[in-house]
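To keep things clear, I will list the structure first and then write my remarks on it.
The values are calculated or read from the model by the stated rules, or taken from the named source; none is laboratory data. Quick caveat: nothing in here was measured; it's all calculated off a predicted structure. Neighbour counts are summed over all protein chains in view; Cβ atoms, including those assigned to glycine, are modelled from backbone coordinates with ideal geometry. Areas reflect the complete protein model, heavy atoms only, side chains present, ligands, DNA and RNA absent. Shrake-Rupley method; radii C 1.70, N 1.55, O 1.52, S 1.80 Å.
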4 protein chains.
Amino acid sequence: MKQDATEDEIQAVVERVEGAGARTHRINGDELTVLGVLGDREHVMRLELEGAPGVDKLVPILKPYKLASAQIRHGEPSVFEIGGRKVGGTHFALIAGPCTVESREQTLGTAHTVAAAGATLFRGGAYKPRTSPYAFHGLGQEGLRLLAEAKAETGMPIVTELMDARDLDAVLEVADVIQIGARNMQNYTLLTELGRAGRPVLLKRGLSATLEELLNASEYILKEGNEQVLLCERGIRTFETAYRFTLDLTAVPVLKQLTHLPVIVDPSHAAGRRDLVQPLSLAAAAVGADGIIVEVHPNPDEAICDGPQQLVADEFAAYAEKVAQAAAVAGKTISTPAAEPAATAAA
Amino acid sequence: MKQDATEDEIQAVVERVEGAGARTHRINGDELTVLGVLGDREHVMRLELEGAPGVDKLVPILKPYKLASAQIRHGEPSVFEIGGRKVGGTHFALIAGPCTVESREQTLGTAHTVAAAGATLFRGGAYKPRTSPYAFHGLGQEGLRLLAEAKAETGMPIVTELMDARDLDAVLEVADVIQIGARNMQNYTLLTELGRAGRPVLLKRGLSATLEELLNASEYILKEGNEQVLLCERGIRTFETAYRFTLDLTAVPVLKQLTHLPVIVDPSHAAGRRDLVQPLSLAAAAVGADGIIVEVHPNPDEAICDGPQQLVADEFAAYAEKVAQAAAVAGKTISTPAAEPAATAAA
Amino acid sequence: MKQDATEDEIQAVVERVEGAGARTHRINGDELTVLGVLGDREHVMRLELEGAPGVDKLVPILKPYKLASAQIRHGEPSVFEIGGRKVGGTHFALIAGPCTVESREQTLGTAHTVAAAGATLFRGGAYKPRTSPYAFHGLGQEGLRLLAEAKAETGMPIVTELMDARDLDAVLEVADVIQIGARNMQNYTLLTELGRAGRPVLLKRGLSATLEELLNASEYILKEGNEQVLLCERGIRTFETAYRFTLDLTAVPVLKQLTHLPVIVDPSHAAGRRDLVQPLSLAAAAVGADGIIVEVHPNPDEAICDGPQQLVADEFAAYAEKVAQAAAVAGKTISTPAAEPAATAAA
Amino acid sequence: MKQDATEDEIQAVVERVEGAGARTHRINGDELTVLGVLGDREHVMRLELEGAPGVDKLVPILKPYKLASAQIRHGEPSVFEIGGRKVGGTHFALIAGPCTVESREQTLGTAHTVAAAGATLFRGGAYKPRTSPYAFHGLGQEGLRLLAEAKAETGMPIVTELMDARDLDAVLEVADVIQIGARNMQNYTLLTELGRAGRPVLLKRGLSATLEELLNASEYILKEGNEQVLLCERGIRTFETAYRFTLDLTAVPVLKQLTHLPVIVDPSHAAGRRDLVQPLSLAAAAVGADGIIVEVHPNPDEAICDGPQQLVADEFAAYAEKVAQAAAVAGKTISTPAAEPAATAAA
């Protein structure tokens, strides 16, 4: 309560809270009065007491998300199995592939390269969100077809982005993990659809979303019964102009405390520059991320989209080796299809 | 180019640029070489030269949006006519109504109050985006029906939010202006649908969107042939925790230079507290905004949603009078249905 | 406390708090336990309980600053008298003058122009903080001499910046108000010196300082017995690149609630562009600021420093007239030496 | 130039630039004209052309700092020798010690612990900047005396903070490296003094300083002839409230490209929580930092200041071992006294 709150104002708040089925607990200090409120957070928040006469501020103690919280699994991290690869716990997911599916050669070539280097999942964009309406927006269904071919040839599970619920059925035919981009993190209708689709989701943090908002967004998916959500830190917007986004690696250990869901890092989009991708990947692995998602292209200078940030395919194996070392410092191993030991070699 | 760029690297860039149909212009400085590039911005951007060997950075000179630019109308601001009310130029839109449509009494009561005080448009939410999946999400179609009734009774044009393209037809039956919330500013599939729907759109700036991104988002709508977009500043996210968002009023005069589209300000959502709404409204009017959109409720303490930030309906007339004074300082007049001088009274 | 805090951990916290002379108040919820702590904030904060076993987080309820708080004056705003001009309450301070003192003609010419237009105080920089060590750093003592001359000729009180405590005596000979720049807001040794100097201080908010930090910085001055501190909002750093800083006008009404000290706004440094200064000045006046500080130059294109943001002296009278109108909307009048109506002319 | 710039406006700019001794280079595009300007950056910047008629914007190509730039050493990183320890290049500095010097036992105990675990330098604060004037500000000269004793007993070079130039002589008697805190990063008078003092400086990045501002600040020191500046990233301020600051590790590889100066990371102050210090330390080492500076206390729960973020001394050796592993991934080795060649080999 405010320092000058009257007894009547305090009583009025007590009555509203108790009328909503919650209990109050009063603490009389020398300078002001504090009311502890016990009850369902949503019910109490709906009273929107913050504007009521005499009320100074409301400090929620319980988290607004439940299914995403670490408590629900008693601190035990979730481990998902995706196309025979484990993700989470000590299993580090190295997710690699081109920003955008451009052609059959580019897609299959990259898939073979990253598979040979031991990548866990294959990523590639068929639908691309672009800031300008005049930019290239992806090959669409043709892109999905090429991803399916890459999967058939290499056995790698596919991660690809969905932007429009109307494309969901087509994407479900190919994707092992459906990616939701940062700009759609709070597209609640799309999140709800994915909750019902039952396929693992890689949910990217919005450019200026708080961790609580990211976890609330994941809750939209979890609430519909889909338990497999991978969270992804991909850089936040700050005042710094020397790089595109500021990769927020503090978010990783903090998320690992708040939630049981695996946390992936995207250094490619954060940095926007190839020369920063390896140092940031090593940092992400060392800080305890459950995986990284990086862009790789056979000839980035000719890429249609985001060329400057894509790793060169020829250098990927050396890069993967360094990432494995950094992950080892944090007690993790790059995940490969344990059930079929020959598959990686065959790919 | 970088200071240590070689002649071969410079030539390679020249060849790539000219191969894309653009021209280059070379400036040899003492310490480094600058290449001016003349040609279509999108074509050149697609080359993604920023990562090329020897290239230091790319500085775009032309804006990426065209239809939204001030140049396309030679600096002349757009004035829209919405349900008989002009918006833009010297016509200041006072848009008022409840955050959420809750009941018939609340909706019609508020509509009569704000109409009597000379508000330009009536706002009310039937579909509400909420951070938590467990919160109240609006009355939906029943809410739209109540808005239609308010319009029939008062003659006020309606502003209401659309979140899901599947609700577009229902919203089109009632809305004179369709609002796109900050979280959907970059929901490009929704923007494209609205471009085709041909109804005026109030497009809110994302919580950390740049002005260029806001204008690019408006371009998605304009490109489909819908010329009536109102931009809306509603507060940006900063490090300050003493208030919900930081209202960015510098954006208003800067947008007025960059674009011909009207610029509206939403002080209610920015501040999240009723006591800040009037000072921020006066500032918005004085800085040269083309309108403000505010929340009003007969009894905010009992509002289902965002009660603390809603103005009290009984105090709205006095508030509107102050806003009119501040708008006058910036050379603007609150817009009323000029063609039918008796209409306001009748309402 | 954390949800899994043990009874021993809770008892340990209780003992530490009570050992420090404060009282605890326990609230047992279904999911967790909350401890209310009653006592001196500084003592309790020094326990730094946030890291203690079982403790989830600490939420301070009382403000850390006392002398700056609104409560200490029971909500009554401070009104200062500076060289015969009142500042605060309904008295709006129009502070104007060149960014930097460059020459006798420029300084005296500008002083006469702004005095004739009814400005309250005259500003001018003799010591200039510059980001680059190679930039111009002001005329120093020669600049102070010219300011003294401007004061002698026009009777206007002088506002000038101090950067180095070693220049304090020289500045005290001329300045009626000593300005502390944003970069020095947390230069605590300088603040303490100014607290002892007993001259009014204009304290600029740091580029990313919170309001609580600004008030804490003012407390360093107040604590030494100097009661005359003017707070100044001058733009914060955000992700937006279309303008230099983002003027945070929400800070004005919020500060007016938190503190009794007057709040001044600097639109010149925030925007960095002359064409934005007038709209932002009107907004600052309308939002309820107690004054604005603007830069004026007879020929800004030839200014040594910050030319692009300085108003043209010839246009200052028209500008001041508009500012007076906007201030009137917020119930304020530009302050002139009311006690001696002839003084302005005489001075 | 603006799209509507007239030929006269373009000529006027050309004349001003050439009058300042620089050359112009004109590029006529279809939609606008670009003027390339060749000459001394400071001279051209002083023209402050940004406000001139017809000018749209100015894009500086050259960096404003020279002595700090990577070019001045042709990309070769600086390696400093501090009290017999190398810092920079492949030599990783593990700087550890208490936040604040509190007592003889605490200081000497911690010094022996970190020395035994192979730390490179010993840190400890005698003068503490505090946001609130009522907080503990350090032991001052008594603190310096205890640091001298720690150095005498363990041989470890000392890093300690200077806030007030008047304490410089006292600090010079003890410190091998003088630390400048984030709040003083732009205290130019202090930087200039340190430039003249000739002792290595650890310069912390301001809470919202850009990398260019940090490098400009270092230039103030370098310009006076002091070549030994260590830059320190210590977290930036963002909108996230789940942790104190957001550690900006992208800054590390970017700074390594821009400057030859070593880059140190401070995970303790960034996170403000002990449980985040180890993951962030590993990330800092893996991303390529030249060292980290961490806080260690024998019994953090009883620390006077910042207890929650200090590592427990007993756990420091295990922590140092993990940091060494992460540094090895980035090709670096924790630096120990070169004078004892067997030690390095043994480590």
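In region C:217-229, is there at least one residue being in contact with a strand residue (DSSP E or B) (Cβ under 6 Å, 6 or more places away or on another chain), more than 10 Å from chain D (Cβ to nearest Cβ) and of a type in the set (Asp, Glu)?
no
Looking at region B:1-25, I want the residues that are within 17 Å of residue D:29 (Cβ to Cβ) and have a partner that is part of a helix (DSSP H, G or I) and open to solvent by less than 50 Å² (accessible area, probe 1.4 Å) with Cβ atoms under 9 Å, at least 6 apart or on another chain. Which pairs are those?
Taking only residues 6 or more apart or on different chains, the pairs are B:17/B:44; B:17/B:49; B:20/B:44; B:22/B:44; B:23/B:17; B:24/B:13; B:24/B:14; B:24/B:17.
Checking residue B:306 against (1) more than 25 Å from residue C:209 (Cα to Cα); (2) open to solvent by less than 10 Å² (accessible area, probe 1.4 Å); (3) of a type in the set (D, E, K, R), only one condition comes out false. Which one?
(2)
For region A:233-247, does any single residue satisfy the condition of being modelled with pLDDT of 95 or more, more than 23 Å from residue B:207 (Cβ to Cβ) and either within 9 Å of another protein chain (Cβ to nearest Cβ) or surrounded by fewer than 23 Cβ atoms within 10 Å (Cβ to Cβ) (or both)?
no
I'd like to know if region D:281-292 contains one or more residues that are within 14 Å of chain C (Cβ to nearest Cβ), hydrophobic (A, V, I, L, M, F, W, C) and outside any helix (DSSP H, G or I).
Within region D:281-292, the subset within 14 Å of chain C (Cβ to nearest Cβ) is none.
No, that holds for no residue.
Just need a number here: residues in region A:107-145 that are of a type in the set (A, V, I, L, M), under 29 Å from residue B:223 (Cα atoms) and open to solvent by 30 Å² or more (accessible area, probe 1.4 Å).
Here is the first cut: in region A:107-145, the ones of a type in the set (A, V, I, L, M) are A:108, A:111, A:114-117, A:119, A:121, A:126, A:135, A:139, A:144.
This time we only want the ones that are under 29 Å from residue B:223 (Cα atoms), so: A:126, A:135, A:139, A:144.
Now narrow it down to the ones that are open to solvent by 30 Å² or more (accessible area, probe 1.4 Å): A:139.
Matching residues across region A:107-145 total 1.
Among (1) within 23 Å of residue D:167 (Cβ to Cβ); (2) open to solvent by 10 Å² or more (accessible area, probe 1.4 Å), where does residue C:162 come up short?
Residue C:162 satisfies every listed condition except (2).
For region C:207-253, what are the residues that are out of contact with any helix residue (DSSP H, G or I) (no Cβ under 7 Å at 6 or more places or on another chain), more than 20 Å from residue B:253 (Cα to Cα) and either in a strand (DSSP E or B) or not assigned by the TED database to the domain that holds residue C:264 (or both)?
Hits for region C:207-253 are C:230, C:232.
Would you mind telling me which numbered condition in (1) open to solvent by less than 10 Å² (accessible area, probe 1.4 Å); (2) in contact (Cβ under 8 Å) with a residue 40 or more places away in the chain; (3) of a type in the set (A, V, I, L, M) residue D:222 fails?
(1)
Condition first: part of a loop (DSSP other than H, G, I, E, B), at pLDDT below 75 and more than 10 Å from chain D (Cβ to nearest Cβ). Now tell me which residues in region C:24-55 satisfy that. Talk me through it step by step, then tell me what you get.
We begin by selecting, within region C:24-55, every residue part of a loop (DSSP other than H, G, I, E, B); these are C:29-32, C:39-40, C:47-48, C:52-55.
Filter once more, so that each one left must be at pLDDT below 75: C:29-32, C:39-40, C:47-48, C:52-53.
Selection gives C:29, C:30, C:31, C:32, C:39.
Being assigned by the TED database to the domain that holds residue C:110 and at pLDDT 95 or above: is that true of residue C:311 here? Break it down into steps so the answer makes sense when it comes.
On the way: assigned by the TED database to the domain that holds residue C:110: yes; at pLDDT 95 or above: no.
Criteria not met by residue C:311.
Kindly provide the set of residues from region B:125-134 that are within 7 Å of another protein chain (Cβ to nearest Cβ) and in contact (Cβ under 8 Å) with a residue 40 or more places away in the chain, ordered by number.
Keep residues of region B:125-134 that are within 7 Å of another protein chain (Cβ to nearest Cβ), which gives B:129, B:131-134.
Across region B:125-134, the qualifying residue is only B:129.
Mind checking whether some residue in region D:190-200 is farther than 24 Å from residue C:128 by Cβ, part of a strand (DSSP E or B) and not polar (S, T, N, Q)?
no
Please find, among D:175, D:148, the residue that is out of contact with any helix residue (DSSP H, G or I) (no Cβ under 7 Å at 6 or more places or on another chain), in the same structural domain as residue D:110 (by the TED database) and surrounded by fewer than 22 Cβ atoms within 10 Å (Cβ to Cβ). Full working, then the answer.
On the way: D:175 fails: surrounded by fewer than 22 Cβ atoms within 10 Å (Cβ to Cβ).
Only one candidate passes the filter, namely D:148.
Only one of (1) open to solvent by 10 Å² or more (accessible area, probe 1.4 Å); (2) away from chain A (no Cβ under 11 Å) fails for residue B:268. Which number is that?
Result: residue B:268 fails condition (1) only.
Exactly one condition in (1) within 14 Å of chain D (Cβ to nearest Cβ); (2) assigned to a helix (DSSP H, G or I); (3) under 27 Å from residue B:208 (Cβ atoms) is not met by residue C:315; state its number.
(3)
Take the residues of region A:188-219 that are among the charged types (D, E, K, R) and closer than 20 Å to residue A:72 by Cβ: which is surrounded by the fewest Cβ atoms within 10 Å (Cβ to Cβ)? Let's see the steps before the verdict.
Looking only at region A:188-219, we keep the residues that are among the charged types (D, E, K, R), and these are A:193, A:196, A:199, A:204-205, A:212-213, A:219.
Remaining after also requiring closer than 20 Å to residue A:72 by Cβ: A:212-213, A:219.
On the way: A:212: 18, A:213: 20, A:219: 25.
It comes out as A:212.
Could you identify the single residue in B:238, B:189 that is closer than 21 Å to residue A:182 by Cβ, without any contact (Cβ under 8 Å) to a residue 12 or more places away in the chain and over 17 Å from the mean Cα position of the chain (by Cα)? Spell out the reasoning first.
Values: B:189 fails: without any contact (Cβ under 8 Å) to a residue 12 or more places away in the chain.
Exactly one residue qualifies, and that residue is B:238.
Residues of region B:263-280 being part of a helix (DSSP H, G or I) and over 16 Å from the mean Cα position of the chain (by Cα), which ones? I'd like the intermediate steps shown before the answer.
Keep residues of region B:263-280 that are part of a helix (DSSP H, G or I), which gives B:267-271, B:274-280.
Those that are part of a helix (DSSP H, G or I) and over 16 Å from the mean Cα position of the chain (by Cα): B:271, B:274, B:275, B:276, B:277, B:278, B:279, B:280.
Could you identify the single residue in C:166, C:145 that is of a type in the set (Lys, Arg) and modelled with pLDDT of 95 or more? Write out each step before concluding.
Values: C:166 fails: modelled with pLDDT of 95 or more.
None of the other options fit; the residue is C:145.
For residue A:252, are the conditions met, namely being under 28 Å from residue D:325 (Cα atoms) and of a type in the set (Val, Ile, Thr)? Lay out the reasoning, then the answer.
On the way: under 28 Å from residue D:325 (Cα atoms): yes; of a type in the set (Val, Ile, Thr): yes.
When the stated conditions are applied, residue A:252 passes them.
So which residues in region B:194-204 are farther than 15 Å from residue A:187 by Cα and either of a type outside the set (Lys, Arg) or in contact with a strand residue (DSSP E or B) (Cβ under 7 Å, 6 or more places away or on another chain) (or both)? Break it down stepwise before answering.
First pass over region B:194-204, keeping only residues farther than 15 Å from residue A:187 by Cα: B:194-203.
Those that are farther than 15 Å from residue A:187 by Cα and either of a type outside the set (Lys, Arg) or in contact with a strand residue (DSSP E or B) (Cβ under 7 Å, 6 or more places away or on another chain) (or both): B:194, B:195, B:197, B:198, B:199, B:200, B:201, B:202, B:203.
In this structure, does residue B:86 turn out to be part of a loop (DSSP other than H, G, I, E, B), among the basic types (Lys, Arg), in the same structural domain as residue B:256 (by the TED database) and buried (at least 17 other Cβ atoms within 10 Å of the Cβ)? Spell out how you get there, then give the answer.
Working: part of a loop (DSSP other than H, G, I, E, B): no; among the basic types (Lys, Arg): yes; in the same structural domain as residue B:256 (by the TED database): yes; buried (at least 17 other Cβ atoms within 10 Å of the Cβ): yes.
Judged against the criteria, residue B:86 is not a match.
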